[in-house]
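Worksheet: the structure to be examined is printed underneath.
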Amino acid sequence: MSFYKRHLFVCTNERKDGSQCCAQHDAEAVRLHAKKRLKALGLSGPGKMRVNKSGCLDRCSEGPVAVVYPEAVWYTYDDAEDMDEIIDEHLLNGRIVERLRLPDEPE
Ligand code: FES
């Protein structure tokens, strides 16, 4: 068993040169929303779920991006509602949200 049942990494990187980055899509606000939601549901902590911010995951043009381990499923999202769907379906129930999923392999 891993320390966390599922671990969600949300890229919040900002590119100061103005090029495309996850911060342009309110990624930090969405990450905070996810963190608060899991805590409110009592699902945050060792043996349960964890949300972490990450630096650039090098998929900027597909962003904003997030990735869920241990399944290593990559997602994009438009807003907090999309993140709620990722939490409700994938983190809580292990069902991949295909409509928000990014390809596993580099194109
Ligand atoms: S800025 Fe988020 S993947 Fe690069």
What's the percent breakdown of Cα-Cα distances in the chain across 5 Å bins, shortest bin first? 2, 13, 25, 25, 19, 10, 4, 1, 0
Rounded to the nearest 500, what is the chain's calculated 222 nm mean residue ellipticity when only DSSP H runs of at least 4 contribute -39500 (n - 2.57) each, over all residues? -5500 deg cm²/dmol
Of the heavy-atom accessible surface of the chain (probe 1.4 angstrom), what whole percent is carbon and sulfur? 49
Taking every DSSP beta bridge with both residues inside the chain, roughly what % is antiparallel (nearest 5)? 55
Normalise the Cα radius of gyration of region 29-86 by 2.2 N^0.38 Å (N = residues in it) and let me know the number. 1.12
Could you sort 95-107, 34-46 so that the peptide with the highest average Cβ count within 10 Å comes first and the rest follow in order? 34-46, 95-107
Does anyone have the angle between helix 27-40 and the longest principal axis of the chain? Alpha-carbon axes, 0 to 90°, nearest 10? 10
Check the chain for me: any Cys whose beta-carbon has no other cysteine beta-carbon within less than 4.7 Å? Cys21, Cys56, Cys60
Could you work out the relative contact order of the chain? I mean the mean sequence separation of Cα pairs under 8 Å and 6+ apart, divided by the number of residues, in percent. 30
If I take the Cα coordinates of region 4-55 and project them onto the principal axes, what are the three extents in Å, biggest first? 39, 17, 10
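The values are calculated or read from the model by the stated rules, or taken from the named source; none is laboratory data. None of these values were measured; they are calculated from a predicted model. All Cβ positions, glycine included, derive from the backbone under ideal geometry; neighbour counts span all protein chains shown. The accessibility values were calculated without ligands, DNA or RNA, using every heavy atom of the protein model including side chains. Shrake-Rupley method; radii C 1.70, N 1.55, O 1.52, S 1.80 Å.
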